[in-house]
Each structure stands twice: as structure tokens, then as C-alpha cells.
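The values are calculated or read from the model by the stated rules, or taken from the named source; none is laboratory data. Quick caveat: nothing in here was measured; it's all calculated off a predicted structure. Every residue, glycine among them, receives a Cβ derived from its backbone with ideal geometry; neighbour counts consider all protein chains shown.
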């Protein structure tokens with residue numbers, strides 16, 4: 001019962017933070033709400049018995065990827081101009097179409113969830129289980145992901161090369 | 001049945017953390033003075049310890065001012081983030097057997113997550129100040145911390161491989177025979193340096209390097225908001241020291257001294273003694289090593305630290321496999 005209450009609190013924090021993240025005009029404020037939303041999702045992962053996923057959500061998404069987002073915002077430092085453009089994007093005639101379409105999907109999803117019985121997972125998933133699954137049945141996915149990362153690394157090295165040649 | 005143990009311990013950590021950080025400001029200045037052949041603060045109270053109270057009165061009574069050009073909400077939020085994150089980090093530290101707020105099987109990852117969340121404080125503080133020096137300090141801290149986080153996490157994976165668990169209690173128990181500072185020398189080396197870089201203390205305090213950035217990310221901060229940044233920094237120092245003790249120096253392990261059926265050296269004393277020793281070592285580093293240039297810091301990270309951690313992982317893995325299977 002307590003777990004259910006905690007779940008609904010975390011879930012509503014996540015939803016509320018996400019909506020705010022979309023509607024803020026200042027990029028930094030939006031990012032802070034997005035970080036809060038990620039933290040709330042980590043809490044949900046922890047509650048449904050996936051502590052490892054929860055930890056990774058914090059370390060990787062909230063702790064590393066979002067830091068890079070903030071970093072980029074700082075580099076660009078758009079200020080008032082960026083806020084004005086953001087305000088323009090928030091006019092109803094821009095978001096109304098996608099919103100209606102995703103509403104249709106949401107209704108469909110709710111219907112599908114209502115037909116599924118009971119929780120999808122049971123028990124707690126330890127870090128060891130995750131490791132065994134990743135390097136057992138899903139080893140191909142891990143390899144493909146590593147190749148993708150390698151190509152990203154090579155690409156960014158190529159982009160940065162001209163600065164290296166110049167001796168900077 | 002509600003358990004009061006963790007709640008009392010959490011309150012104790014809160015109190016000792018804040019008090020310890022305050023005392024540490026004085027202790028560090030005294031030690032620095034000692035190592036640099038001068039006195040340090042020695043006027044108020046015995047050995048100048050009253051300096052702590054004087055500093056506190058000054059910071060508390062200072063005008064709490066938010067610059068009109070700053071982003072008000074973020075400016076006020078930023079200093080709290082580092083204190084909260086560092087305090088949360090103490091939740092998984094095992095002080096002695098059974099004395100721990102929570103023993104989760106992801107303890108190590110929880111600690112890494114909390115230290116990585118502490119970055120936001122510096123980052124948002126620098127951004128919200130709307131000042132070029134603060135912005136540059138924030139930018140530096142972002143790239144410095146994101147880089148050193150990588151080695152920090154990787155340097156600990158050797159320990160995880162040897163223990164077979166992320167739980168900090170398990171890690172301490174695995175050091176019953178040999179402390180990891182002997183079997184994971186490379187891991188210790190990288191973790192100490194990454195730990196200093198993460199808590200952005202001198203020699204790696206480039207986000208606030210005063211010779212080029214005034215005061216870096218906290219240029220616009222004063223009074224209690226500035227004190228929160230400092231509190232967070234000293235909490236971070238204590239947390240990193242406690243983690244080094246837990247991970248590499250056997251945590252609470254130490255010989256016990258039983259006289260009249262009472263253990264006069266309970267495990268927690270060993271933990272505290274070791275932690276104070278590590279903190280003093282950090283202060284010595286601050287006194288001894290000059291600040292590197294920013295590009296030197298980054299190339300040290302990616303060109304020396306990363307290869308060392310990877311080498312450490314390969315060697316640890318090979319030795320473990322070899323000892324398990326008995327081949328070769």
C-alpha cells in the first residue's frame with residue numbers, strides 16, 4: 001500500500017516536471033525540470049524492483065547527459081533572443097496537431113494496459129542479473145551499441161582534427 | 001514497526017557533517033600554515049579555533065543579496081544542490097558493522113550518482129550569475145567533472161570485480177585479509193586524483209581559479225549562499241575521504257583492544273581515524289602541489305588516467321580469471 005502511494009507520488013512528480021519542462025521558455029529552467037523528471041523516474045525504477053536501472057538513470061542521464069545539455073546551453077548562451085523564439089514555438093497552432101495525434105496514441109495505450117493483467121515484472125533485478133542478461137542473450141545488442149559509440153568517437157575526432165592540426 | 005536507528009544516524013550525520021565542515025575550515029588553514037612555515041588563524045580562542053565561530057557570525061549576518069541581473073530562481077537553488085547531494089551520499093557509507101543508514105546492493109553506484117548530481121550546483125550557479133567569470137568557471141567545471149567522473153567510476157570497477165558486488169558492506173568485508181589499497185594500487189591512484197577533481201579542490205580548483213577567473217562560479221555569491229557552496233565542498237571532501245577509507249583501506253577494520261570485556265577500540269574509531277588521516281593527506285596535497293593549467297588538467301585526465309584505469313581493469317580481470325580457473 002505504501003509502495004503504491006510512493007509510486008503515484010513519484011509518477012505525478014515525473015509527469016508534472018515533464019509538462020513544466022516542455023512549457024518553460026527559459027532553456028535552463030526547462031532543463032532543471034527535465035532533471036527532476038529523470039530523478040522521479042529513477043525513484044519509480046527503484047520502487048518496481050530495478051535498483052540497478054535506477055542507479056544508471058541517475059549516473060548516466062541525470063549526472064552526465066543532462067550536464068552536457070546544460071553545458072551546450074551555457075556555450076550558446078542565447079538569452080532573451082532564445083526565450084522569444086521559444087515563446088513563438090509554444091503557440092497553440094504549432095503544438096495542437098501533434099498533441100491531438102499523441103492523444104489518440106495515449107488512449108490506445110491506456111486501452112492496451114487495461115487488458116494486461118498484473119504487474120509485468122516480479123521480484124528485484126540485481127546488478128548481476130542485468131550483467132548476465134546483457135552478456136548472455138543480448139550480447140549482439142551490446143556489441144552493436146559499442147560499435148555505434150565507436151563511430152561517434154571517430155566522427156567527433158574527425159570534426160576536432162582541424163583544431164589539432166592547427167596546434168590548438 | 002518503524003525503525004528509529006537510521007533516522008537517529010541521519011540526524012547525527014547532519015549535525016556532525018555541518019559541524020565537521022565548519023571545524024575543517026579552521027583545521028585546514030592551521031595545517032596549511034604549519035606546512036608553509038606560518039601560523040594560520042591563531043588569534044581567537046584556544047589555537048585560534050574560535051575563528052570558526054567568528055566566520056560563522058560574519059557569514060550569517062551578511063546581507064543576503066541576489067544580483068538584479070541574475071536568474072533569481074536558479075541562483076538561489078544552485079547552492080542547495082551540492083549540499084543535498086553530498087549529504088545524500090553519506091547515506092550508503094558503512095561507518096561500522098550495522099551502523100549505516102541504508103545498505104543497498106547498488107551502494108557504490110548511488111555514491112557515484114550523488115557526486116555527479118553535485119556538479120549541477122557549480123554549473124547552475126555559474127550560469128545563473130549572468131557574469132562572464134562565473135560562466136567560464138561553470139563551463140570549466142562541467143567539462144572537468146564530466147571527464148573525471150568517467151575515470152572515477154572506472155577506477156572502482158576493479159574493486160567491484162574482486163568483490164562481486166556493488167554493496168559497500170560487502171566491499172569492506174572482502175578486505176578482511178588484504179586491503180584493496182595493495183591489490184588495487186592503480187585504482188587508488190586514479191580514484192584519489194579523480195576525487196580531488198570531482199570536489200574541485202586545490203590543486204584542481206580551476207572552476208574558481210582566482211588568478212584568472214576572480215572567484216569562478218561563486219563570484220556573485222556572498223553570505224550564507226556562499227557558505228553553502230563551501231559547506232558542500234567540505235562535505236564532498238569528507239565524503240570522498242570516507243569513500244577512500246571504505247573502498248581501499250578496509251573501512252571499519254582494525255585491531256580491537258579488549259580490556260575488562262569492553263572493546264576500547266570499536267570499529268567506528270578506526271573508521272574515523274582513517275578518514276581524518278585521508279583528509280589531512282588531501283590538505284597536504286593542497287599545500288604541496290601547484291595548480292595545473294586547464295589544458296594540462298584535461299590531457300592528464302584523458303591521456304594518463306584513462307589508460308591507467310583500463311590497464312587496471314584488464315590486469316584485474318586477467319588475474320581473477322587466472323586464479324579462478326587455474327589455467328596457465
Exercise. With the condition kept exactly as written, say whether any residue in segment A:2-14 is within 14 Å of the chain's Cα centre (by Cα) and modelled with pLDDT of 85 or more.
Key: yes
Self-check item: Pairs with Cβ under 7 Å, 6+ apart, first in segment A:127-144 and under 26 Å from residue B:104 (Cα atoms), second assigned to a helix (DSSP H, G or I)
Solution: A:127/A:52; A:130/A:52; A:134/A:142; A:135/A:142
Quiz item: Only one of (1) under 15 Å from the mean Cα position of the chain (by Cα); (2) farther than 28 Å from residue B:298 by Cα; (3) within 11 Å of chain A (Cβ to nearest Cβ) fails for residue B:77. Which number is that?
Solution: (1)
Exercise. Go through the residues of segment B:2-12 one by one and say whether even a single one is in contact with a helix residue (DSSP H, G or I) (Cβ under 9 Å, 6 or more places away or on another chain), in contact (Cβ under 8 Å) with a residue 40 or more places away in the chain and either assigned to a helix (DSSP H, G or I) or surrounded by fewer than 17 Cβ atoms within 10 Å (Cβ to Cβ) (or both).
Key: yes
Practice problem: Return a yes/no flag: does segment B:54-73 have any residue that is modelled with pLDDT of 80 or more, within 14 Å of the chain's Cα centre (by Cα), more than 12 Å from every other protein chain (Cβ to nearest Cβ) and at negative phi. | Solution: no
Quiz item: Has segment A:21-43 got any residue that is surrounded by fewer than 20 Cβ atoms within 10 Å (Cβ to Cβ), at the interface with chain B (Cβ under 10 Å from one of its Cβ atoms), in a helix (DSSP H, G or I) and touching a residue at least 60 places away in the same chain (Cβ under 8 Å)?
Solution: no
Quiz item: List pairs: first in segment B:125-137 and free of Cβ contacts under 8 Å to residues at least 40 places away in the same chain and at the interface with chain A (Cβ under 9 Å from one of its Cβ atoms), second surrounded by fewer than 21 Cβ atoms within 10 Å (Cβ to Cβ) and assigned to a helix (DSSP H, G or I), Cβ under 7 Å, 6+ apart or cross-chain?
Solution: B:135/A:74
Quiz prompt | Answer residue from segment A:62-98, given it is surrounded by fewer than 16 Cβ atoms within 10 Å (Cβ to Cβ) and touching a residue at least 60 places away in the same chain (Cβ under 8 Å) and is nearest to the other protein chains (Cβ to nearest Cβ) among those | solution = A:87
Self-check item: Tally, over segment B:270-284, of residues that are closer than 22 Å to residue B:151 by Cβ and out of contact with any helix residue (DSSP H, G or I) (no Cβ under 7 Å at 6 or more places or on another chain)
Solution: 1
Practice problem: Go through (1) at positive phi; (2) modelled with pLDDT under 75; (3) surrounded by 20 or more Cβ atoms within 10 Å (Cβ to Cβ) one by one and return the number of the condition residue B:214 breaks. | Solution: (3)
Quiz item: Only one of A:105, A:109 is free of Cβ contacts under 8 Å to residues at least 40 places away in the same chain and surrounded by fewer than 10 Cβ atoms within 10 Å (Cβ to Cβ); which?
Solution: A:105
Quiz item: Which of the residues spanning segment B:30-49 are in a helix (DSSP H, G or I) and in contact (Cβ under 8 Å) with a residue 24 or more places away in the chain?
Solution: B:31, B:32, B:35
Quiz prompt | Residue check, residue A:139 under 30 Å from residue B:138 (Cβ atoms) and more than 23 Å from the chain's Cα centre (by Cα) | solution = no
Quiz item: Among the residues of segment B:138-149, is any facing another protein chain (nearest Cβ under 9 Å), touching a helix residue (DSSP H, G or I) at 6+ places or on another chain (Cβ under 8 Å) and more than 22 Å from residue B:299 (Cα to Cα)?
Solution: no
Quiz item: Filtering segment B:301-325 down to residues that are without any contact (Cβ under 8 Å) to a residue 60 or more places away in the chain and within 15 Å of residue B:194 (Cβ to Cβ), which residue is surrounded by the most Cβ atoms within 10 Å (Cβ to Cβ)?
Solution: B:304
Exercise. Please identify the pairs in which a residue from segment B:164-177 that is within 14 Å of another protein chain (Cβ to nearest Cβ) has its Cβ atom under 6 Å from the Cβ atom of a residue that is surrounded by fewer than 17 Cβ atoms within 10 Å (Cβ to Cβ) and assigned to a loop (DSSP other than H, G, I, E, B), counting only partners at least 6 apart or on another chain.
Key: none
Quiz prompt | Complete set of residues in segment B:95-109 that are without any contact (Cβ under 8 Å) to a residue 60 or more places away in the chain and either crowded, with 24+ Cβ neighbours inside 10 Å or more than 8 Å from every other protein chain (Cβ to nearest Cβ) (or both) | solution = B:98
Quiz item: Looking only at segment B:50-79, which residues are touching a residue at least 24 places away in the same chain (Cβ under 8 Å) and not in a helix (DSSP H, G or I)?
Solution: B:62, B:63, B:64, B:65, B:67, B:69, B:70, B:71
Exercise. Name the single residue, out of those in segment B:245-270 being in contact with a strand residue (DSSP E or B) (Cβ under 6 Å, 6 or more places away or on another chain) and in a helix (DSSP H, G or I), that is surrounded by the most Cβ atoms within 10 Å (Cβ to Cβ).
Key: B:267
